[in-house]
Each structure stands twice: as structure tokens, then as C-alpha cells.
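Reading through the C-alpha cells given below for one structure.
The values are calculated or read from the model by the stated rules, or taken from the named source; none is laboratory data. The structure presented is a predicted model; accordingly, all values stated were derived computationally and were not measured. Cβ placement follows ideal geometry from the backbone for every residue including glycine, while neighbour counts extend to all protein chains displayed. Just so you know, the surface numbers come from the protein's heavy atoms only, side chains and all, with ligands and any DNA or RNA stripped out. Shrake-Rupley method; radii C 1.70, N 1.55, O 1.52, S 1.80 Å.
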Amino acid sequence: MEFAELIKTPRVDNVVLHRPFYPAVEGTLCLTGHHLILSSRQDNTEELWLLHSNIDAIDKRFVGSLGTIIIKCKDFRIIQLDIPGMEECLNIASSIEALSTLDSVTLMYPFFYRPMFEVIEDGWHSFLPEQEFELYSSATSEWRLSYVNKEFAVCPSYPPIVIVPKSVDDEALRKVAAFRHGGRFPVLSYYHKKNGMVIMRSGQPLTGTNGRRCKEDEKLINATLRAGKRGYIIDTRSLNVAQQARAKGGGFEQEAHYPQWRRIHKSIERYHVLQESLIKLVEACNEQTHNMDRWLGKLEASNWLTHIKEILTTACLAAQCIDREGASVLIHGTEGTDSTLQVTSLAQIILEPRSRTIRGFEALIEREWLQAGHPFQQRCAQSAYCNSKQKWEAPVFLLFLDCVWQILRQFPCSFEFNEHFLIMLFEHAYASQFGTFLGNNESERCKLKLQQKTMSLWSWVNRPSELSKFTNPLFEANNLVIWPSVAPQSLHLWEGIFLRWSRSSKYLDEAYEEMVNIIEYNKELQAKVNILRRQLAELETDDGLRESP
């Protein structure tokens, strides 16, 4: 298919652009295969370059021969284009609709993008499972790398290499995979060096109504327990939902077959419930109401902060089991690709200082989201404005980023990265020139040959010029476990995401710059103090030598 077939009118003059925080500007609108571009001949006006993949929905209005297209973006921006001529307006609208909903992944921009920067580091090879395993292997010899899924034959949503107990062979793993939803047998998610406890994750066991069991599965998860110790299974479904799953062939671990494990049900919502929550929240944030009761009512009705609380509470529970109870944990819901990953990754942010650094957080996203099979292509296909019926869309990753922001807010000095880093990840998950978030799992990315045909997001982010934008000036390495408050009073609306297009951040940005200047000045003064102290010590030493006979 040629993009030209979809572009009925490639260029229109005298188009007026309205967008947040900029004055209206008249210019020439151009449509390319991947971008909507508005360029003005006026001095000091920024061009608009908008990826078609960032467009969530469009509305059309007509007054006489003047047409208006309202573009609603996946990053929650709303842009208005006033286009002279009804035919031109209709042509532009139908082209945008076609180009923003391309079915084929290989037609997306990452396959056509050519970087204008020097690639210092190939991000596709920055966080390989072998490298991550080396971090653990120095502390324990009880785990091994398994290549059982080398051809994605055992589990299509797992990577080719996984970390499993050394005492369990590959043949046993195949049997366990047949007993777990989607073939997602229990694998290592996190090893706590302080006490040797672990977090594992998997899909639900396929016990069904007959109470089917698998001896190899029992052996695998028992291999993580110390003598005389119990473990915890955290099921991210309510007991009722887990019981209903048995009728469909799923289920949960029976106490009789897993006597050393205590099962805890912590209900975390999924799918359309989360998508509707996001739609309601963005609608509330965009409404220009001055009525306090109406705003608070709409915020509460969205249930967004309730979902944040549920996820953070479950992550804190997992972290407490590991650090305070000294017990290993297995986490799963149904598939093990959504709420499971939210909990495993947030627990690591609480427990593991490395996950609070920039590279450590990137490694976490690679390991616990991309390689672990979170279906980004399905979940991020639409955002808060799309009118069509939702299928698999859900803001699972955005909820995770929001939870991280909540912890960052409570521990502003414990994270090497800042809020801009989290916002950038949200934007690229929904629309990007990089191939990192394309596909639903490693198997799909392999078939698409993303490593050969697209650029990794990390190749761009990890350049010094970019890293400086995402570095937290307040950061002081904190090697302790951090325990966030999940009290309702402690959880806030993330203004940087949800209000950034309706409220100017000009004064906050100025305050941030001033803070950075103060910190830099403080460092300079500290360096001068250290020099003066050294000089004073040298003088005192010289005086002592002169006075001694």
C-alpha cells in the first residue's frame, strides 16, 4: 500500500492552528505518510510536527465553507485546525483518520525513521537477560538461565531466556508450562540480596473444576523456599473472580497441594474498567468548571486514584513479605501480563535502590514489561478520546508510571530520574519514532526484526545531552528500602500528565530552574569549602613542623 493513496489533499494553505499555550497561527498544512505538519512563515513560531500514530480521535465542524477539525491526541492534547474550503477539510479529515489507524505495524513510523543523532550505544543490547543474571549470580548459585523457550515454543509471551531454580530441569519446565495460563510458568522476577528471598511471577494455574494438579509446578515454587519457611502467593484477583476462573479451566493454587504457601487475594482491576476510568478522568480534567463539588465528584467517580491505591497497596504487601517477613513471593492474576507486572515492578522500586536510578529503571521496564510480555501494541492502541469500542486497550503502563510518580513525590531525593522521564516514557508507549514499544511480546518483536529495522528508545535517551533533561537535581543515592504511604491523603492527581494541557507550567518550570541553580551554586560553595579546609590543614601541618624542635 502506498501512503499517497490515503492522502487525498497533501497540502492546504491559510490554515489556522489553535493549540494550548500558543497564540493562534496561520500557515500551510502538509500531510505526509506519518506526520501532520503545520508551518508558518511568521518569525519565532514553532512548526507543529504531529505523528499520525499520536492521534486518538478527530471531530469535524462546518460553518459555511469554513471547516474545523479538532484533533484529540493520545497524550491528551487537543488541537484545532481551521481549514478554508469544505472539500479540503473533508479530505484532510478522512486522510488523518486513515493514516492514524493503519493496521500493519510495519507501516508505522519507527520502520521509516532515520536518526539525526550519533548512536553512541545500541539500546537493543543494553539490558540483556544474561547481563541481568550476572548481577544475581555473584550473590546466589541457586538459580540458572534456561533456554527452554529459545524458539518461543513453550511460552509465546516469554523471552527466549528466563531465570529459574537450578534444581528444576527444562523437561519439568515444559510440564509446568502446560499447567499455567499461556504457558507462563513461574520465573524469577527479583532476588533480594539482603536475605535471599525472591519474587516470582507466572500465569494462573489451570486447575479447573476437577482440582487438577502438577507435581513439577509444586516442586518448582517450593524450590524457592528455605527449610521450615513459608511463602506467599499474591493473587491480583478477588477470591470470587479466581473461583469463577475455575469454570473456564483456570483457577488458583489449592492449599492441599501447596501447604507451605499462604494465598492472599488483592483485587486489582483490568481491561475496560481501567480504560473507562481513564476516559472519565481526562474528561473531568478537560472540563472548565469552577464548581468545586462537581470537580471533586467527577474525580472520585473516575476511580483513578482508587486504582493507584490498590496497586501500590499490593506492591507494598509484596515488599513487606520479602523484606520484613523474610518470605518469598509468587505473584499472578489471570494471564500474568498486566496487574502482575505492575506489582512486581513497583515492589522492586520499593526494595531495590538500583531500580530508582535511570539505567536501573530502564532495565526494569525491559525486564518486567517488554521481555515479560506486556502487550503494549494492544493496550496502547487507543487512549482517552477514542470513540470506537474498546477491545484490549487499558492504561496499565500509565497507571504503573503514575504509581512511580506518587513514590517519587514522597521520596524526592531517592530517584535519579525526574518527572519528565516518566512523562517521556508515557508518550513513547503510545506514539514513537522508536521501535521499543512496538509489538506485544518478544516473539512478535523478533518476527518484526525490530532490532535490525528500527532504533531503540534507549539509544536516544542514554545520550548525555538527553540524560541531563531527565536527571533529578535533588538525587542522593539512598540504599534503604523506601515505604510509600498509601493513605488516601497521600495520593495526588498527577498534574504533569493530566493537567499539563489545561494549566500552564510556566511558573513551576521557572521555580524548577531556580532550584537547579541553587543546587549548582551550593555545589560550587561546597567545593570551595573543601579547598579552604585542605589549605587550612596544610597550613596547620606546616606550623606544627616549624614549632617542633
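Taken over segment 156-171, the criterion of being surrounded by 14 or more Cβ atoms within 10 Å (Cβ to Cβ) and farther than 21 Å from Y136 by Cβ is satisfied by P156, S157. The residues of segment 416-433 include none that are among the charged types (D, E, K, R) and either modelled with pLDDT under 95 or open to solvent by less than 10 Å² (accessible area, probe 1.4 Å) (or both). Of the residues making up segment 59-90, those that are under 25 Å from the mean Cα position of the chain (by Cα) and open to solvent by less than 20 Å² (accessible area, probe 1.4 Å) are I71, C73, K74, D75, F76. Only one of the numbered conditions (1) farther than 30 Å from H52 by Cβ; (2) crowded, with 24+ Cβ neighbours inside 10 Å is not met by I350, and that is (2). Can we say A227 is closer than 22 Å to I163 by Cα and either in contact with a Gly (Cβ under 6 Å, 6 or more places away or on another chain) or at pLDDT below 95 (or both)? Answer is yes for this residue. Scanning segment 488-506 for residues that are assigned to a helix (DSSP H, G or I) and open to solvent by less than 50 Å² (accessible area, probe 1.4 Å) returns S490, G496, I497, F498.
Given the structure, is S328 of a type in the set (S, T, Y), farther than 15 Å from V396 by Cβ, surrounded by fewer than 24 Cβ atoms within 10 Å (Cβ to Cβ) and touching a Leu at 6+ places or on another chain (Cβ under 9 Å)? Spelling it out, it is not the case that S328 is of a type in the set (S, T, Y), farther than 15 Å from V396 by Cβ, surrounded by fewer than 24 Cβ atoms within 10 Å (Cβ to Cβ) and touching a Leu at 6+ places or on another chain (Cβ under 9 Å).
Which of the residues that make up segment 8-58 are part of a loop (DSSP other than H, G, I, E, B), under 19 Å from M86 (Cα atoms) and open to solvent by less than 30 Å² (accessible area, probe 1.4 Å)? Residue satisfying the conditions is T9 alone. Across segment 360-373, a minimum of one residue is classified as open to solvent by 10 Å² or more (accessible area, probe 1.4 Å), at pLDDT 95 or above and out of contact with any helix residue (DSSP H, G or I) (no Cβ under 7 Å at 6 or more places or on another chain).
Which is in a helix (DSSP H, G or I) and in contact with a Lys or Arg (Cβ under 7 Å, 6 or more places away or on another chain), of E88, E132, E97? It is E132. Within segment 485-500, residues that are touching a residue at least 24 places away in the same chain (Cβ under 8 Å) and within 17 Å of E419 (Cα to Cα) reach partners that are open to solvent by 40 Å² or more (accessible area, probe 1.4 Å) and in a loop (DSSP other than H, G, I, E, B) with beta carbons closer than 8 Å, at six or more positions or on different chains, in the pairs G496/S505. No other residue among C403, C413 is buried (at least 23 other Cβ atoms within 10 Å of the Cβ), at negative phi, in contact (Cβ under 8 Å) with a residue 60 or more places away in the chain and hydrophobic (A, V, I, L, M, F, W, C) apart from C403. For segment 160-211, a residue qualifies if it is acidic (D, E) and in contact (Cβ under 8 Å) with a residue 24 or more places away in the chain, and exactly one does: D170. Being in contact (Cβ under 8 Å) with a residue 12 or more places away in the chain, of a type outside the set (S, T, Y) and out of contact with any strand residue (DSSP E or B) (no Cβ under 8 Å at 6 or more places or on another chain) holds for only one residue in I358, I322, I311, and it is I311.
Looking only at residues of segment 259-278 that are out of contact with any Phe, Trp or Tyr (no Cβ under 8 Å at 6 or more places or on another chain) and closer than 16 Å to Q390 by Cα, we find that the one that is most open to solvent (accessible area, probe 1.4 Å) is H272.
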